[in-house]
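Presented below is the structure to which this report refers.
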Amino acid sequence: MSAAELTDAQDRRAPAGAAPVGPGRLPWRREAVAMLVGFAVLALLPFVFTDSYSRHVLIMVFIYAVVASNWDLSLGYGGVFNFGHIALFGIGVYAYSLLTKLAGMDPWIAMAAGGVSAVVAAVAVTIPILRLKGIYIILVTFGFAQLVMQVIISQSEYTGGTQGLVRIPTLYVFDHNMVRDAKFAYFYIALGLLVLSTVFLRAFVRSRAGISIVALRDNEEYAVSRGISLVRQRLITLAASAFFTGVAGAFYAAYQRNASVEVFGMSLATIILSMVLLGGTGTIYGAIIAAFVLTVFSEAMADFGAWRPMITAVLILVVMLAYPGGIFGMLKSATGVFSRRWSPPS
Amino acid sequence: MALLELDGVSKAFGSLKAVDGVSFKVEAGEIFGIAGPNGSGKSTLFNVITGIPFGPDRGTVRFDGTEIQGWRGHRIARLGLARTFQRETSFDGLTVFENALMGSSFGAASQPAAAAREAAAEALEFVGLGAENFGRPAGELSVFQRKCLMLATAIAMKPRMLLLDEPASSLTKPEIDSSIELIRRTAARGITILLIEHVLTFLMSLSQHLLVLNQGTVLALGEPRAVISDARVVEAYLGTRRAAA
């Protein structure tokens, strides 16, 4: 059966043999079109927002969106309480910074290396948590994040310690001047990163490997009894969530041109976690939408000073109380577009 | 050669010997029943055979000649030894179809995508969960449907042997009759069945061999009619006349 036939079959409410989509899950072709439209709209934004400040906010939205949506893979889909996710971002930041500044590596290659470093770190932290559950996973992964930070602080000769690193080499696009284009090029690099990351994440969660990590989350013993390897799928989950997180860290370092251990702090972790939860876990898109909402909201309230985080916190509480499924759940019930549930023919 | 062979299998929790030196053989193609009062070690026996969540402390478990005690659960499953659980179990966050797809994708057959989809659909139809149920969230199903789904995910694995842990528990009389029929049809597919149940009539109508466990040890083993008329079995289930008087 061809892919086209499969999609048509799903639209006719799945006769036997076709693979129906999950509850509230769009057929892949329809999702691809929706995704394309969404990203096309984002790609037009620099023509609306021509000032570098607005573009800066959008670039930060894209970086946060990548980090938050990848966290949703391990936390929302996999149910693994990986509180070291932000450390993977930080590892991307420092891998890029050290490789370009000290080793003189090409920035683009260093960006990929930032992703690979995060994957290696994710595998290393997965091994000790394989036999752990719940709060113990939080302890170990949180400890891992602190450990990475302490190592970076202690190696101040290379990393600048608590002072951080400055004048980090940045990305280049042929001979294009990256500084005097009001962040035009950075915008599209950041958007490209978000597109690649999102396509990867959605393809992964729709694959059999992606479904199996939800099976493990729902019932570990039952999943194992069906031949699913806990060790293998946990490693895949964490590694898959690490790559674009690390690349986002590398891009962040290239964009800001400095690195500091603040990226390992609770403040950033809290912001990103709010995005994952506010957006609605186990959706990927929710985290992306929430990154947009929270960042723009926070910028819009810049005049409120110290009130800002408090207003944000209240907003999160209100949304979560009204819609436990987060913003994505709110959109679902508002539009009904995403919730085309199976209903037997009447 | 027997398909499944246990020799001196034991499992203790502290001082409690849940399974104590159990040995028996299951021949390929038969339905083998295991009975016993509550707490006699039936479910623990299934756990140590399948390695989910733990293997035995002592003794050997041979499946088709391969010693599997100490193997991880998913490897035992892939060898062709599938099990169900006493409580109706499902992946609630997934659809009915995705539940079965997990069995066909990761089980003994471990098939490529298209074949796995086909095997999943076939297994679901086989247990009576037709295409109209495929897109439903598994969490929405009734108790009986969830039990059927659990069986379908096991059949989708294309196992050689299936361990059924109290398939009749919390079912109504008509549902129990459907289950008996379904288990017969499953056996007719060439799947050897090891069946735990404490409803004796259920076991009597299905099994070719019956083993009775009591306090972790084998109390009786043989042809079902002979086993249930054994005085020791009657005593384990009902107590002695003297005690009752």
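Just so you know, all these numbers are worked out from the coordinates, no wet-lab data involved. On a predicted model such as this, the values are computed, not experimentally measured, just so you know. Reconstructed Cβ throughout: ideal geometry from the backbone, glycine too, with neighbour counts over all protein chains shown.
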Gained length - residue A:103 relative to residue A:174, 0.36 nm times residue gap less alpha-carbon distance: 23.4 nm
Residue-span extension gain [residue A:48 to residue A:321] - 0.36 nm each, minus C-alpha spacing: 94.8 nm
Fluctuation leader among A:90, A:134, A:265 - chain A, Gaussian network, Cα springs under 10 angstrom: A:134
Under 5 Å, built H, 5+ apart or other chain: amide partners of residue B:20: B:11, B:217
Using a Förster distance of 41 Å, the FRET efficiency for residue B:229-residue B:122 (Cβ separation, nearest 0.05): 0.50
Sites matching trypsin sites (Lys or Arg not before Pro) across segment B:171-216 that sit in DSSP coil, with at most 12 neighbouring C-beta atoms within 10 Å: B:189
Packing-based exposure ordering (other Cβ within 10 Å, fewest first) of A:108, A:307: A:307, A:108
With Cα atoms, 0 to 90° folded angle of helix A:285-300 axis to chain A main axis: 40 degrees
Partner chain coverage, peptide B:122-132 - average Cβ within 10 angstrom: 2
Gain in span if fully extended, residue A:37 to residue A:297, counting 0.36 nm per residue against the direct Cα distance: 91.3 nm
Debye-sum result for chain B in log10 I(q)/I(0), which assumes one identical scatterer on each alpha carbon, at q = 0.13, 0.17 Å⁻¹: -0.79, -1.29
Modelled FRET efficiency - R0 35 Å, residue B:16 with residue A:235, Cβ distances, 0.05 increments: 0.45
Ranked list, fewest to most other Cβ atoms within 10 Å of each Cβ, for A:267, B:90: A:267, B:90
About the Cα centre, charge dipole magnitude for the protein assembly as shown (Lys/Arg +1, Asp/Glu -1 at Cβ), debye: 140 debye
Aspartates and glutamates with Cα under 16 Å of residue A:183, excluding same-chain neighbours fewer than 8 positions away: A:51, A:175
Pair residue B:143, residue B:180: separation of 7 Å Cα→Cβ label points (nm): 1.9 nm
Förster radius 51 Å - calculated FRET efficiency between residue B:238 and residue A:132 (Cβ-Cβ, nearest 0.05): 0.65
0 to 90° range, to nearest 10: angle between helix B:113-126 axis and chain B longest Cα axis: 60 degrees
Neighbour-count order for B:5, A:299, B:197, fewest beta carbons within 10 angstrom listed first: A:299, B:5, B:197
Eligible aspartates and glutamates near residue A:101 by straight Cα distance, threshold 20 Å, same-chain separation 8 or greater: A:157, A:262
Unit charges on C-beta of K, R, D, E only; dipole of segment B:89-159, Debye: 160 debye
Label-to-label distance, nm, for residues given as residue A:258 and residue A:196 (7 Å Cα→Cβ offset): 2.7 nm
For chain A, calculated [θ]222 nm from helices alone, where every DSSP H run of n ≥ 4 adds -39500 (n - 2.57): -23000 deg cm²/dmol
Entries in A:332/B:147; B:42/B:173; A:133/B:11 that, when Cα-Cα distance is taken, lie over 26 Å: A:332/B:147
Three-way shape call for segment B:89-159 based on the alpha-carbon gyration tensor, with the a/c threshold at 1.5: prolate
